[in-house]
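The values are calculated or read from the model by the stated rules, or taken from the named source; none is laboratory data. All values reported here derive from a predicted model rather than from experimental measurement. Positions of Cβ are backbone-derived with ideal geometry, glycine not excepted, and every protein chain shown enters the neighbour counts. Accessible surface is based on the protein model in full, side chains and every heavy atom, while ligands, DNA and RNA are left aside. Shrake-Rupley method; radii C 1.70, N 1.55, O 1.52, S 1.80 Å.
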Amino acid sequence: MAEKTLKMAYALSKDSHYGAGAKAFEESIGKSTNGEIKIEQFANSALGGEREVIEGLQIGTVDAAILSTGATLNFVPQTGVFDIPFLFRDLDHARKVLDGDIGNKLLAEFPKRGLVALAWGEQGFRHLTNSKHAVKTPADLKGLKIRTTENPIHITAFKELGMLPTPMAWPEVQTALQQGTIDGQENPLSVIVSAKLSSQQKHLSLTGHVYGPAVIVVSPMVYDSMSDEDKAKLKEAALAAAQGMRDFVDNVEKTGLETLTKEGMEITQDVDRAEFAKIVHNVYPEFHKKFSKELIESIQNTK
């Protein structure tokens with residue numbers, strides 16, 4: 001096999017959970033192919049925002065990527081089911097669903113859209129930050145302009161909660177926070193820590209409103225050109241990347257709050273999640289129509 005270098009894109013920095021996933025991917029494929037497949041990492045949206053990266057994967061200008069479901073649902077709509085707020089009880093529940101039949105069935109949807117999805121990675125549970133005041137109950141959200149991903153499922157739920165969701169691509173967020181165009185944003189601790197959002201946001205509320213998966217995807221041009229043996233090595237590397245991300249998330253859940261407190265953030269831990277969930281459940285009938293009640297309930301009932 002001739003030596004091959006694959007371009008791997010992701011939206012965050014090398015010291016984020018995406019970076020941890022890319023590093024594990026690179027190490028695994030390098031080892032299993034004796035260095036014949038190399039990975040060149042393009043962190044920090046160097047090859048464009050997630051939408052551009054997905055289009056690049058489809059036409060073969062990008063070889064591999066780590067993506068959020070906030071972006072993939074515009075191409076593979078069914079992946080949006082994982083973005084329903086208050087769907088998962090905890091990390092263990094989410095991982096069981098993603099590693100089981102439901103997760104595998106959704107990976108199998110990607111080739112229909114010109115993408116090859118190899119494994120589910122992880123971002124963790126999303127929390128809310130803002131520069132105005134502490135958020136403990138849904139009433140505290142009223143009128144806050146919060147950046148969201150370009151994700152209609154999140155936007156529907158956030159409107160129901162009374163905030164003003166402002167969809168925006170990630171590369172624009174830091175500037176919008178600096179200029180005060182938005183009051184806050186919501187992301188997992190892994191992003192809040194690695195993007196140093198504490199320098200612009202005073203308040204963090206542990207709302208845990210949405211679980212954020214990630215997905216490791218390769219271009220069909222790359223995948224189809226490989227032998228079965230190399231395809232298996234690619235899958236193995238993707239599973240290593242997924243584990244790398246999960247380990248990062250587990251670690252940041254332990255150490256992240258300490259880091260952010262040291263950096264001066266005020267953290268609200270006793271958020272009334274039950275009250276948030278109750279309000280969001282008002283829009284579940286919309287999600288049942290979109291994804292099927294049966295699928296949503298089979299996720300909720302996974303033990």
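Among the residues of the range 170-177, is there at least one that is in contact with a Leu (Cβ under 7 Å, 6 or more places away or on another chain) and either polar (S, T, N, Q) or at positive phi (or both)?
Among the residues of the range 170-177, not one is in contact with a Leu (Cβ under 7 Å, 6 or more places away or on another chain) and either polar (S, T, N, Q) or at positive phi (or both), which makes the answer no.
Which residue out of Gly124, Gly114 is modelled with pLDDT of 95 or more and on the phi > 0 side of the Ramachandran plot?
Among Gly124, Gly114, only Gly114 is modelled with pLDDT of 95 or more and on the phi > 0 side of the Ramachandran plot.
With (1) without any contact (Cβ under 8 Å) to a residue 60 or more places away in the chain; (2) touching a Leu at 6+ places or on another chain (Cβ under 8 Å); (3) among the charged types (D, E, K, R) as the list, and Lys262 as the residue in question, which single condition is left unmet?
(2)
Answer yes or no: is there a residue in the range 99-116 that is under 18 Å from the mean Cα position of the chain (by Cα), open to solvent by less than 30 Å² (accessible area, probe 1.4 Å) and free of Cβ contacts under 8 Å to residues at least 60 places away in the same chain.
Yes.
Give just the number: which of (1) surrounded by fewer than 21 Cβ atoms within 10 Å (Cβ to Cβ); (2) part of a strand (DSSP E or B); (3) touching a residue at least 40 places away in the same chain (Cβ under 8 Å); (4) β-branched (Val, Ile, Thr) does Thr156 not satisfy?
Only one criterion in (1) surrounded by fewer than 21 Cβ atoms within 10 Å (Cβ to Cβ); (2) part of a strand (DSSP E or B); (3) touching a residue at least 40 places away in the same chain (Cβ under 8 Å); (4) β-branched (Val, Ile, Thr) is unmet by Thr156, namely (2).
What are the residues in the range 179-194 that are more than 19 Å from Asp250 (Cβ to Cβ), open to solvent by 10 Å² or more (accessible area, probe 1.4 Å) and in contact (Cβ under 8 Å) with a residue 40 or more places away in the chain, if any?
Answer for the range 179-194, where residues must be more than 19 Å from Asp250 (Cβ to Cβ), open to solvent by 10 Å² or more (accessible area, probe 1.4 Å) and in contact (Cβ under 8 Å) with a residue 40 or more places away in the chain: Gly180, Asp183.
Here's a check for you: in the range 282-303, which residue that is assigned to a loop (DSSP other than H, G, I, E, B) and more than 12 Å from Leu87 (Cα to Cα) is most open to solvent (accessible area, probe 1.4 Å)?
Here is the first cut: in the range 282-303, the residues assigned to a loop (DSSP other than H, G, I, E, B) are 292, 301-303.
Within this subset, residues satisfying the condition of being more than 12 Å from Leu87 (Cα to Cα) are 292, 303.
Values: Ser292: 48, Lys303: 171 Å².
Filtering the range 282-303 for residues that are assigned to a loop (DSSP other than H, G, I, E, B) and more than 12 Å from Leu87 (Cα to Cα), the one most open to solvent (accessible area, probe 1.4 Å) comes out as Lys303.
What about Val249, is it buried (at least 19 other Cβ atoms within 10 Å of the Cβ) and part of a loop (DSSP other than H, G, I, E, B)?
no
Exactly one of these conditions fails for Asn151: (1) touching a residue at least 12 places away in the same chain (Cβ under 8 Å); (2) more than 15 Å from the chain's Cα centre (by Cα). Give me its number.
If we test Asn151 against (1) touching a residue at least 12 places away in the same chain (Cβ under 8 Å); (2) more than 15 Å from the chain's Cα centre (by Cα), just (2) comes out false.
Kindly list, by first and then second residue, each pair from a residue in the range 43-62 that is acidic (Asp, Glu) to a residue that is at pLDDT 95 or above and open to solvent by 70 Å² or more (accessible area, probe 1.4 Å), limited to pairs with Cβ atoms under 9 Å and residues at least 6 apart or on different chains.
Sorted first by the residue in the range 43-62, then by its partner, the pairs are Glu55/Thr61.
Looking at the range 231-285 only, could you name the residues that are aromatic (Phe, Trp, Tyr) and closer than 27 Å to Ala20 by Cβ?
Pass one, the range 231-285, residues aromatic (Phe, Trp, Tyr): 248, 276, 284.
Across the range 231-285, the qualifying residue is only Phe248.
Given the options Glu160, Glu186, name the one that is closer than 26 Å to Phe82 by Cα, within 17 Å of the chain's Cα centre (by Cα) and among the charged types (D, E, K, R).
Checking each option against the conditions leaves just Glu186.
Quick one: count up the residues across the range 133-163 that are within 29 Å of Asn44 (Cα to Cα) and either among the polar types (S, T, N, Q) or in contact with a Phe, Trp or Tyr (Cβ under 8 Å, 6 or more places away or on another chain) (or both).
6
So which of Ile267, Ile279 is over 29 Å from Leu6 (Cα atoms) and part of a strand (DSSP E or B)?
Ile267
Of the residues Thr79, Thr33, Thr72, Thr5, which single one is open to solvent by 20 Å² or more (accessible area, probe 1.4 Å) and β-branched (Val, Ile, Thr)?
Result of the check over Thr79, Thr33, Thr72, Thr5: Thr5.
Is it the case that Phe42 is more than 20 Å from Val252 (Cβ to Cβ), aromatic (Phe, Trp, Tyr) and open to solvent by less than 10 Å² (accessible area, probe 1.4 Å)? Don't jump to the end; show me each part of the working.
Working: more than 20 Å from Val252 (Cβ to Cβ): yes; aromatic (Phe, Trp, Tyr): yes; open to solvent by less than 10 Å² (accessible area, probe 1.4 Å): no.
In short, no.
From Ala176, Ala134, grab the single residue that is over 20 Å from Ser16 (Cα atoms), in contact (Cβ under 8 Å) with a residue 24 or more places away in the chain, open to solvent by 30 Å² or more (accessible area, probe 1.4 Å) and touching a strand residue (DSSP E or B) at 6+ places or on another chain (Cβ under 7 Å).
Every option except Ala134 fails the conditions.
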